[in-house]
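See below for the structure under consideration.
No lab work stands behind these numbers, since they all come straight from the coordinates. Nothing here was measured: the structure is a model prediction, and the numbers come from that model. Cβ placement follows ideal geometry from the backbone for every residue including glycine, while neighbour counts extend to all protein chains displayed.
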Amino acid sequence: MLVLLDNVVKRAGGETTLLRGCDVVALVFDTVLFRTGAHCIVSDFTHCRFFALRISTTAMDPHSTDSIPAGQAASDYLRLAAWQAERLAATYADLRADPRYAPATAFFLNDLYGARDYSRRDQDGERVIHKMRKLLPAWAIEALERALHLNRLTKALDEAMANMLFVQMGVEVIDGDGYCEAYRRCGDVAAREEQIRLIGELGQELDVVVQKPLVKMALKMAHAPAHMAGFGELQDFLERGVAAFLHMQGADQFLATITRREHRILAAIYASAVNPFDCAED
């Protein structure tokens with residue numbers, strides 16, 4: 001869990017003290033590692049630990065190329081994203097209507113697969129993991145790397161689909177038949193299966209993490225500092241995700257429904273089934 005500050009946070013007893021000299025603080029659990037200058041002090045606490053590491057925000061590259069394509073390619077990419085968002089909304093209309101799963105479905109549709117440019121948030125995630133690699137526990141790094149891999153994979157698949165639809169096939173308006181034809185022509189079955197698998201695995205990991213003590217409090221503490229440090233989009237994304245998963249009080253059925261339906265749709269498209277999206281029905 002990341003708490004992004006312009007200063008170092010040092011916790012002593014029940015008090016929190018701000019000290020100059022650090023830009024990023026990562027909150028995890030069990031111990032406190034406090035670093036200032038060349039000195040490190042490790043102190044055991046009951047429930048949490050703070051990692052403090054000097055990172056200059058001016059060193060971050062605001063012109064990273066890891067974003068959606070430019071020009072006409074960007075327009076095509078967002079047109080595809082809008083169609084896919086509508087398809088997902090229809091496929092999961094029952095989850096959207098269920099009070100237990102509605103927030104998580106909205107998070108899934110709006111924050112993961114919506115027709116928006118997520119490049120700023122994604123760049124924030126890449127920078128955070130790069131800077132905090134030596135400080136976070138191995139399990140946290142692995143989870144973050146899988147999440148970023150899923151993001152890159154999804155982006156690559158969507159770029160290939162947009163190119164196939166609008167450039168190679170000359171489609172002007174997407175419909176189900178054209179979408180499925182482009183899907184088959186791209187031929188990325190293994191990548192599509194990996195995408196579905198990662199969605200389920202990362203959802204399960206998030207479901208476990210949000211149940212840990214202090215996670216919600218840590219996000220609340222991080223809100224203002226994260227926005228001040230320029231990580232507002234990433235922070236808001238994390239807050240919405242945690243709130244949605246906490247609201248479900250268990251994500252097993254939600255995640256199983258998604259992975260089951262997406263596997264059925266994948267198989268139906270490649271089998272050239274009539275109305276393949278109807279194959280998602282349970």
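Can you run phi through the Karplus equation (6.51, -1.76, 1.60; θ = phi - 60°) for the range 160-169 and list ³J(HN,Hα) in whole Hz, with x for Gly and Pro?
3J(HN,Hα) across the range 160-169, in whole Hz: 5, 5, 4, 5, 5, 5, 8, 9, 6, 8.
Using a Förster radius of 22 Å, what is the FRET efficiency between residue 90 and residue 148 based on their Cβ-Cβ separation? Nearest 0.05, please. It would help to have the intermediate numbers written out before the result.
Values: r = 29 Å, r/R0 = 1.30.
After rounding to 0.05, the efficiency reads 0.15.
When the chain is fully extended, how far beyond the present Cα-Cα distance does residue 98 get from residue 110, taking 0.36 nm per residue of separation?
Details: separation 12, 0.36 × 12 = 4.32 nm, distance 1.68 nm.
Stretched out fully, the residue 98 to residue 110 stretch lengthens by 2.6 nm.
Go through the range 96-108 residue by residue and turn each phi into a ³J(HN,Hα) via Karplus (6.51, -1.76, 1.60, θ = phi - 60°); whole Hz please, and just put x for glycine and proline.
Once θ is set to phi - 60°, the couplings for the range 96-108 become 5, 8, 8, x, 5, 9, 4, x, 5, 5, 5, 4, 4 Hz.
Taking R0 as 35 Å, what FRET efficiency do you get between residue 156 and residue 228 from their Cβ-Cβ distance, rounded to the nearest 0.05? Kindly include the intermediate steps, with their values, before the conclusion.
On the way: r = 33 Å, r/R0 = 0.94.
That pair, residue 156 with residue 228, gives E of 0.60.
Quick one: 155, 212, fewest Cβ neighbours within 10 Å first, how do they rank? Intermediate values should be presented prior to the final figure.
On the way: 155 18, 212 12.
By the 10 Å Cβ count, ascending, the order reads 212, 155.
On a full-extension model of 0.36 nm per residue, what is the gain between residue 259 and residue 172, subtracting their alpha-carbon distance, rounded to one decimal in nm?
Details: separation 87, 0.36 × 87 = 31.32 nm, distance 3.03 nm.
Full extension from residue 259 to residue 172 adds 28.3 nm.
On a full-extension model of 0.36 nm per residue, what is the gain between residue 74 and residue 272, subtracting their alpha-carbon distance, rounded to one decimal in nm? Don't skip to the answer; put the middle values down first.
Numbers: separation 198, 0.36 × 198 = 71.28 nm, distance 2.89 nm.
That works out to 68.4 nm of additional length.
Residue by residue through the range 173-187, which ³J(HN,Hα) values in whole Hz follow from phi under the Karplus form 6.51 cos²θ - 1.76 cosθ + 1.60 (θ = phi - 60°), with glycine and proline marked x?
Those phi angles translate into 10, 6, 9, x, 5, x, 4, 5, 5, 5, 4, 5, 5, 5, x Hz.
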